[in-house]
Amino acid sequence: MPFLEITVPALNLVWFLLIAVLWVGFFFLEGFDFGVAMLLPILGRDDRERRVMVNTIGPTWDGNEVWLLTAGGATFAAFPGWYASLFSAIYLPLLLVLVGLILRGVAFEYRSKHPDSRWRQTFDVFAVVGSFLPSLVLGVGFANFMIGLANDGKLWNGSFLGLFGPFALLGGVLFVALFLIHGATFIALKSRGDIHDRARGFVRAYGWPVVGILAVFVISQQTFWPSVSEFGDLGFLGWVTAVVAIGALAASVFMTGQLDREGWGFVLTGLAIVALVVGFFLRMYGNLGFAQDESRPVAERLNIITAASSETTLTLMTWAAVIFVPIVLAYQGWSYWVFSKRISTKNIPEKIVY
């Protein structure tokens, strides 16, 4: 199949790429947030240690969630047909994601509002559940995009239970496991003392099985659902992202677990997530994650051309993005630089004044 047999308008391509970048940023940044929260009962032996873990992401977790909101807003404005079809297909799963994000926000904001240990433990449970739900649901959702959601040319027409096939469930397990390793690596990077050692031990003990899960997932994806369509043959690039994802995660586990080089380990887990998500969007290029009935003309299908807004709308959005995206990136980079130092229980007072 010739590359780019169907010509995609330039602005449609630009906004598809920008939405892909927003999702990459979200999974890279929010991935370790999810992982840190899910690890609270595993790595934190007492309240002060769990407080250290929360403080590693405290200054940035809400800013990281903005990437998801921006990705959703960009999809709504640039590809309203895509947005509407997604909400018809996975309305209930998206509601679970929203519930999880609400629980996370409540947990982090209210955890330290009362000295009672049961109060803090309750909100720690909220943080764990609120991080587990989005990780699992988004993994299942993106795995379904790789298969291709059934549709009638405009809206999803598949069954709800059909969303939970073996490959989709594997995607959910992969996201949870990968974010746990990403989060543990981040904790090792941002902490000192016993918490740092336990985080490294977690990566050393569980990192290699996660590499295996990732390998099974990406090899299955590229074998059974390659990045090939009448919009282009991106199969080779798909295999490149698969190899990079596996190699980067394996190198990260070795760096963090064996060499105590968690800085490199964190960069490499991030690279694995970036490669994985780029592989997703290579597969979704053109078809937007929906199955295509090639017996129909392109104009009667749900794709990157028919789901897009008008050229005028995309032009105005492009100018706005050119102005504001660099400002947002500069501010978020500055916030990470300001809060870049390691912390430990020595930084947490034994008695917290409420």
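Just so it is clear, none of the values below were taken in a lab; they were calculated from the coordinates. Being a predicted model, the structure only gives us computed values, none of them experimental. Heads up, the Cβs are rebuilt from the backbone with ideal geometry, glycines too, and the neighbour counts pull from every protein chain shown.
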Checklist line | trypsin sites (Lys or Arg not before Pro) restricted to segment 20-109 and DSSP loop, no more than 15 other C-beta within 10 Å | finding: Arg45
Next item on the list: Measure nothing but the geometry: give the 0 to 90° angle between the long axis through the Cα atoms of 47-57 and the longest principal axis through the Cα atoms of the chain, rounded to 10°.
Entry: 40
Note to self: 5 Å is the cut-off here: which amide hydrogens, built 1.01 Å from N in the peptide plane, fall below it relative to Ser191, excluding neighbours closer than 5 in sequence?
What the structure shows: Ile343
Check: Residues with amide H under 5 Å of Phe290's amide H, sequence separation 5 or more or different chain, H placed in the peptide plane at 1.01 Å from N; which?
Finding: Leu149
Next item on the list: State whether segment 279-343 is rounded, prolate or oblate according to the following rule on the C-alpha gyration tensor (a ≥ b ≥ c being the square roots of its eigenvalues): a/c under 1.5 gives rounded; otherwise a/b larger than b/c gives prolate, and the remaining case gives oblate.
Entry: oblate
Next item on the list: Could you run the Karplus curve 6.51 cos²θ - 1.76 cosθ + 1.60 with θ = phi - 60° over segment 269-283 and give me ³J(HN,Hα) per residue in whole Hz, x for Gly and Pro?
Entry: 5, x, 5, 4, 5, 4, 4, 4, 5, 4, x, 4, 6, 4, 5
Next item on the list: Measure nothing fancy, just the Cα-based angle from helix 80-89's long axis to the longest principal axis of the chain, in degrees from 0 to 90, nearest 10.
Entry: 70
Checklist line | Within segment 246-354, GluC sites (Glu not before Pro) in DSSP loop having at most 13 other beta-carbon neighbours inside 10 Å | finding: Glu294, Glu350
Note to self: Highest mean first, how do 325-336, 136-147 rank when packing is the count of other Cβ atoms within 10 Å averaged over residues?
What the structure shows: 136-147, 325-336
Checklist line | Residue-wise HN-Hα coupling along segment 11-25, computed from phi with Karplus coefficients 6.51, -1.76, 1.60 (Hz; x: Gly, Pro) | finding: 5, 4, 5, 4, 6, 5, 5, 5, 5, 4, 5, 5, 5, 4, x
Notebook entry, point to check: Using a ≥ b ≥ c from the Cα gyration tensor of segment 226-354 (square roots of the eigenvalues), is it rounded, prolate or oblate, where a/c under 1.5 gives rounded and otherwise the larger of a/b and b/c decides, a/b for prolate?
Noted result: oblate
Next item on the list: Calculate, in whole percent, how much of the Cα-Cα pair population of the chain lies beyond 37 Å.
Entry: 20
Next item on the list: Collect residues whose amide H, placed 1.01 Å from N in the peptide plane, falls under 5 Å from the amide H of Ser229; neighbours closer than 5 in sequence don't count.
Entry: Leu234
Margin query: Angle check, please: helix 61-78 long axis (alpha carbons) against the longest principal axis of the chain (alpha carbons), in degrees 0 to 90, nearest 10.
Written below: 10
Item checked: From phi via Karplus (6.51, -1.76, 1.60), per-residue ³J(HN,Hα) for segment 40-45 in Hz, x at Gly/Pro -> 3, x, 8, 9, x, 7
Next item on the list: Identify the trypsin sites (Lys or Arg not before Pro) of segment 113-147 meeting these criteria: DSSP loop state and at most 11 other C-beta atoms within 10 Å of the C-beta.
Entry: Lys113
Notebook entry, point to check: Any idea which of Ala291, Thr306, Trp319 is furthest toward the positive side of the dipole for segment 271-341, if Lys and Arg beta-carbons carry +1 and Asp and Glu beta-carbons -1?
Noted result: Trp319
Notebook entry, point to check: Mind ordering 270-276, 304-310, 174-180 by average Cβ neighbours within 10 Å, highest first?
Noted result: 174-180, 270-276, 304-310
Note to self: For a test of the definition: using alpha carbon positions, the gyration tensor, and the 1.5 limit on a/c, classify segment 59-103 as rounded, prolate or oblate.
What the structure shows: oblate
Notebook entry, point to check: Considering lysine pairs in the chain that are 8 or more places apart or on different chains, how many have Cα atoms under 28 Å apart?
Noted result: 8
Note to self: Quick check for me: using +1 on Lys/Arg Cβ and -1 on Asp/Glu Cβ, what's the dipole size of the chain about its Cα centre, in debye to the nearest 20?
What the structure shows: 1240
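Would you mind calculating the relative contact order of segment 112-238 from Cα pairs under 8 angstrom and at least 6 residues apart, reporting the percent as a whole number?
Reported relative contact order: 20 percent.
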